[in-house]
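> My questions will all concern the structure given below.
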Amino acid sequence: MLKVAIVGCGKIADSHASQIQRIEGCEIVGVCDREELMARQLYERFPVKQFFGDLDKLLRELRPDVVHITTPPGSHFEIGKRCLDWGAHVYVEKPFTMNTMEAEELILFADQKGLKVTVGHDDQFSHVARRMRHLTRSGYLGGLPVHMESFYCYDLGDSAYAKALLGDKKHWVRRLPGKLLHNIISHGIARLAEFLTGDAPQVLAYGFMSPFLRGTGEEEIIDELRVIIHEEGRTTAYFTFSSQMRPSLHQFRIYGPKNGLLLDQDQETLIKLRGGRFKSYGEKFVPPVTLAGQYVGNLVRNMKTFLARDFQMKSGMKYLMESFYRSINYKTAVPIPYREILVTSRVMDAIFEQVDIKRQSLRSIVR
């Protein structure tokens with residue numbers, strides 16, 4: 001039986017506890033939060049054996065096999081090292097760490113200890129994402145990706161989290177190097193990192209504050225971001241983050257030398273994009289029929305998954321956790337290669353550096 005602990009008992013910890021209890025062969029032996037009342041409320045609502053207000057006490061008394069770190073990002077590195085030092089494998093909520101230097105050190109430390117780490121990029125393990133990965137690996141694209149487009153939007157007007165952030169000038173998100181972007185965009189960047197072949201792609205980022213956000217009196221937070229990513233002579237990619245564009249997309253598009261794929265995370269659909277053209281007026285009639293058939297196929301597949309009781313909003317999180325636990329039990333490869341974690345971190349570092357330079361430049365002009 002794998003002994004699991006959770007550190008940080010805020011909202012996302014509920015999702016972790018919900019999915020862990022669905023996995024056979026593991027149990028939540030303890031939860032911890034500096035605010036002990038937070039740990040107690042999680043303990044009372046889920047099948048948890050003990051709760052703590054002190055992490056070292058939890059690690060010393062329970063000796064968990066795996067620790068899930070669901071604290072704010074600024075503490076991920078320090079808590080991760082402490083857990084590894086006590087001999088626990090570590091599952092870290094996104095973003096993995098504050099920067100690439102911390103990410104490299106944490107991964108190296110885990111290797112030295114003979115332990116494993118992973119990051120909570122669970123969107124990459126949803127039912128539809130796994131179908132997409134199977135198609136790409138089976139050669140549907142016709143070769144390496146030529147171009148990718150990732151959209152990850154966030155509605156600032158429809159979230160208690162956003163209202164708390166905008167209403168509190170001392171909110172912990174404001175202390176992150178990338179502020180709002182830092183806490184959200186890693187899911188969208190990680191989709192690209194999975195298919196980039198190099199370790200340090202070139203990044204060109206442009207971030208700005210939307211008229212909506214400026215109208216609220218906000219002065220710090222960037223809520224619109226456009227990024228171009230490229231590897232010399234290989235794959236190119238676009239990344240878009242927006243709080244204002246509608247529909248608010250969570251999509252990924254990947255194009256190869258033969259065919260392409262369109263993944264819609266919100267609708268849980270995967271559409272095959274045929275690379276060839278039909279002759280004459282066939283191009284006007286056949287593709288709409290083909291696309292309609294694909295959408296019906298997605299509907300049928302989703303209904304079957306729903307009836308099988310495996311269509312939860314966080315089914316990707318459960319799959320990622322199971323895969324990580326399996327890699328521990330059977331000493332196999334981790335579900336997210338460390339290279340992808342590091343590429344995601346390097347791209348994010350480059351984005352925040354460029355966005356911050358622009359922010360500082362605008363401030364000096366205003367002054």
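The values are calculated or read from the model by the stated rules, or taken from the named source; none is laboratory data. Note that the structure is a prediction, hence the values are computed from the model and not measured. Neighbour counts are summed over all protein chains in view; Cβ atoms, including those assigned to glycine, are modelled from backbone coordinates with ideal geometry. Please note that ligands, DNA and RNA were not included when accessible areas were found on the heavy atoms of the full protein model with its side chains. Shrake-Rupley method; radii C 1.70, N 1.55, O 1.52, S 1.80 Å.
> Test of understanding: given the chain, find the longest segment containing no GluC sites (Glu not before Pro) that are in a DSSP loop and have at most 14 other Cβ atoms within 10 Å.
36-218
> Just read off the accessible area of Asp85 with the full protein assembly in place, 1.4 Å probe, to the nearest 10 Å².
Accessible surface of Asp85 is approximately 90 Å².
> While we're on this one: Hey, what's region 57-114 come to in accessible area per residue, 1.4 Å probe, Å²?
So region 57-114 comes to 40 Å² accessible per residue, rounded to a whole number.
> Please compute, over every Cα-Cα pair in region 1-121, the percentage with a separation greater than 19 angstrom.
40 percent
> Any chance you could run the full-extension gain for Glu61 through Thr332? It's 0.36 nm times the residue separation minus the Cα-Cα distance, nm to one decimal.
Fully extending the segment from Glu61 to Thr332 adds 94.7 nm.
> Would you please classify the overall shape of region 275-346 from the alpha carbon gyration tensor, given that a ≥ b ≥ c denote the square roots of the eigenvalues, rounded means a/c under 1.5, and beyond that prolate means a/b larger than b/c while oblate covers the rest?
It comes out oblate by the Cα gyration axes.
> Work from the charge dipole of the chain (Cβ charges, +1 for Lys and Arg, -1 for Asp and Glu, about the Cα centre) and give the residue of Gln294, Thr240, Ile20 farthest towards its positive end.
Positive-most Cα among the choices belongs to Gln294.
> What distance in nm lies between label points placed 7 Å from Cα along the C-beta direction at Tyr206 and Gln267?
Here the modelled spin labels are 2.8 nm apart.
> Classify region 107-188: rounded, prolate or oblate, from the alpha-carbon gyration tensor (a ≥ b ≥ c, eigenvalue square roots; a/c under 1.5 rounded; otherwise prolate if a/b is larger than b/c)?
It is oblate, given that a/c is not under 1.5 and a/b is not larger than b/c.
> How high is the relative contact order of the chain, in percent, counting Cα pairs under 8 Å that sit 6 or more residues apart?
18 percent
> Could you give the accessible area per residue of region 163-249, probe 1.4 Å, as a whole number in Å²?
That works out to 45 Å² per residue.
> Which values, in whole Å and largest first, are the semi-axes of the equivalent ellipsoid of region 193-338 obtained as the square root of 5 times each eigenvalue of the Cα gyration tensor?
Result for region 193-338: semi-axes of 29, 27, 21 Å.
> Still on this structure, please answer the following. At 37 °C and 0.692 mPa s, grab the translational diffusion coefficient of the chain from Stokes-Einstein with a Kirkwood Rh over Cα pairs, rounded to a whole number in µm² per second.
In µm²/s, the coefficient is 149.
> Return the carbon/sulfur percentage of the accessible area of the chain, one whole number, probe 1.4 Å, all protein chains in place.
Of all accessible area on the chain, carbon and sulfur atoms account for 54 percent.
> Also, quick follow-up: Which of the trypsin sites (Lys or Arg not before Pro) found in region 88-182 are in a DSSP loop and have at most 13 neighbouring Cβ atoms, other than their own, within 10 Å?
Lys169, Lys170
> Just check region 79-230 against the gyration tensor rule for me: Cα atoms, a ≥ b ≥ c as the square roots of the eigenvalues, rounded for a/c under 1.5, and otherwise prolate or oblate depending on whether a/b exceeds b/c.
Note, shape of region 79-230 comes out oblate.
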